Amino acid sequence: MITQLFIYPIKSTQAYPISQGIIEEKGFNFDRTFMLTEPDGKFITARKTAELFALFAYPTENGLFVQHKNGEHCVINYEDFQQLASCEVWGTQFPSFVANESINHWFSQKLNQPVQLRWLGKQSQRYIQKYPDSTVSFADGYPVLLTNVQSLQALQAQCPAPISMSQFRPNIVIDDYSAFVEETWNKIQIGNVTFIRTKNCTRCVLTSRDPETGLNHEKLEPFRTLKKYHCNEKGEPIFGIHLLPTNTGIIRVGDTVKILA
């Protein structure tokens with residue numbers, strides 16, 4: 001059963017919990033449709049820029065409402081994006097829209113470095129290398145990430161530091177399934193939406209950064225424990241699964257997961 005759903009309107013900023021959501025080819029509606037980049041278009045994430053966790057983004061009818069943890073806010077409209085320019089996420093280059101100077105200045109002040117806010121546009125022009133007919137948002141690689149509460153509890157049993165699901169930044173959280181069984185699923189259905197498991201999610205040190213404080217754990221937990229106890233055949237730590245939707249539909253908290261293959 002689905003226990004939680006999250007979107008991240010701006011990549012690598014705070015999660016926005018939802019009770020139901022529209023799944024499109026590129027993932028959840030409003031999920032990672034905006035991204036902050038360096039002036040040359042290279043993506044910025046909380047792996048190195050912890051200040052991103054101080055930003056809370058809320059979708060609106062006309063764009064976004066973004067609030068900093070200090071209470072200051074910025075109202076962003078889709079019409080504020082007129083310039084199309086190349087950007088880059090993990091070596092993949094594709095076009096996106098650049099916000100106007102005043103919006104970029106606001107974000108640059110908050111992050112203490114020159115940045116640009118990018119918008120994916122009405123239609124993503126970024127294609128998945130492994131699935132060249134499918135598009136994706138500004139997400140790291142695939143449209144949807146699913147994690148399992150029982151897998152988290154199994155990891156916690158090995159980890160000396162307290163951990164939370166928010167450190168793994170999922171879209172879909174499930175419970176009532178045995179630990180790590182999700183890694184064996186090839187095809188599932190939630191509501192009327194069918195998903196293909198593209199791969200298990202390899203993890204990095206971002207899992208060691210506390211989303212509430214923005215601070216890294218002093219011993220890099222739970223990344224260190226995950227690397228020791230749960231890796232793929234290449235020795236890479238894994239947690240959660242990447243999913244590719246095959247159709248459009250709505251999924252809700254409380255929906256069950258039907259295993260198709």
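Using a simple spin-label model with pseudo-atoms 7 Å out from Cα toward Cβ, Q123 and N29 lie 1.9 nm apart. Could you compute the net charge surrounding L260? Neighbours are other residues with a C-beta less than 11 Å from the C-beta of L260; K and R count +1, D and E count -1. That works out to +3. The charge dipole of the chain, taken about the Cα centre with unit charges on the Cβ atoms of Lys, Arg (+1) and Asp, Glu (-1), comes to about 600 debye, rounded to the nearest 20. Entry note, the chain: relative contact order of 24 percent, from Cα contacts under 8 Å with a spacing of 6+ residues.
Scalar couplings 3J(HN,Hα) for the range 247-258, obtained by applying the Karplus form with A = 6.51, B = -1.76, C = 1.60 to θ = phi - 60°, are 7, 9, x, 10, 10, 9, 4, x, 5, 9, 9, 9 Hz; x denotes Gly and Pro. Each Lys or Arg adds one and each Asp or Glu subtracts one; over the other residues with Cβ under 13 Å from the Cβ of S137, this totals +2. Cα-Cα over 24 Å: which of K48/K219; K11/K258; K11/K219; K26/K234; K122/K258; K42/K227? Among K48/K219; K11/K258; K11/K219; K26/K234; K122/K258; K42/K227, the Cα-Cα distance tops 24 Å for K11/K258; K11/K219; K26/K234; K122/K258; K42/K227. Ordering V136, C231, L260 by Cα displacement along the dipole of the range 103-261 toward the positive end leaves V136 in first place; charges were set at the Cβ atoms of Lys, Arg (+1) and Asp, Glu (-1). Using the Cα centre of the range 1-87 as the reference point, and only Cβ charges (+1 on K/R, -1 on D/E), how large is the resulting charge dipole? Debye, rounded to the nearest 20. The dipole magnitude comes to about 380 debye.
In degrees, nearest 10, range 0 to 90: what is the angle between the Cα axis of helix 149-158 and the longest Cα principal axis of the chain? Taking Cα atoms only, the helix is inclined about 80 degrees. The length gained by stretching the chain between S86 and D176 to full extension, at 0.36 nm per residue less their Cα-Cα distance, is 28.1 nm. Each Cα pair under 8 Å and six or more residues apart adds its sequence gap; the mean of these over the residue count of the range 16-127 is a relative contact order of 25 percent.
Here each label is just a point 7 Å from Cα along the line to Cβ, and for E101 and C231 those points are 5.1 nm apart. Between the alpha-carbon centres of the range 211-261 and the range 107-154 there is a gap of 14 Å. Give the residue from Q14, C87, A157 lying farthest towards the positive end of the charge dipole for the chain; charges sit on Cβ (+1 for Lys and Arg, -1 for Asp and Glu) and the dipole is referred to the Cα centre. It is A157, whose Cα lies furthest towards the positive end. Placing +1 on each Lys and Arg Cβ and -1 on each Asp and Glu Cβ, with no other charges, gives the range 170-261 a dipole about its Cα centre of roughly 300 debye. Helical runs assigned H by DSSP (4 residues or longer) give the chain a calculated mean residue ellipticity at 222 nm of -3000 deg cm²/dmol, each run adding -39500 (n - 2.57) before division by the residue total.
Shown here for the range 53-87: chymotrypsin sites (Phe, Trp or Tyr not before Pro) in loop regions (DSSP other than H, G, I, E, B) with at most 10 other Cβ atoms within 10 Å, of which there are none. For the pair the range 6-35 and the range 49-71, the centres of their Cα atoms are 13 angstrom apart. Charge tally for K26 (other residues, Cβ to Cβ under 10 Å; Lys, Arg +1; Asp, Glu -1): -1. Computed from backbone phi with θ = phi - 60° and the Karplus coefficients 6.51, -1.76 and 1.60, the 3J(HN,Hα) list for the range 55-64 is 10, 10, 10, 10, x, 10, 4, 10, x, 9 Hz; x is used for glycine and proline. Between the listed residues L146, H105, L55, the Cα displaced farthest toward the positive end of the dipole of the range 50-161, a dipole computed from Cβ unit charges relative to the Cα centre, is found at L146. Between the exposed loop cleavage positions of the chain, defined as GluC sites (Glu not before Pro) in a non-H, G, I, E, B DSSP state with at most 12 neighbouring beta-carbon atoms within 10 angstrom, the longest gap is 73-211. In order along the range 231-242, the phi-based Karplus estimate (6.51 cos²θ - 1.76 cosθ + 1.60, θ = phi - 60°) of 3J(HN,Hα) comes to 10, 7, 5, 8, x, 8, x, 10, 7, x, 10, 8 Hz; Gly and Pro are listed as x. Annotation: amide H-H contacts under 5 Å for L36 (H modelled 1.01 Å from N, sequence separation of 5 or more, or interchain): K11, I44, R118.
None of the figures in this text is laboratory data; all of them are computed from the coordinates on show. Since the model is a prediction, treat every value here as computed from it, not as a measurement. FYI the Cβ positions are ideal-geometry reconstructions off the backbone, even for glycines, and counts take in every protein chain you see.
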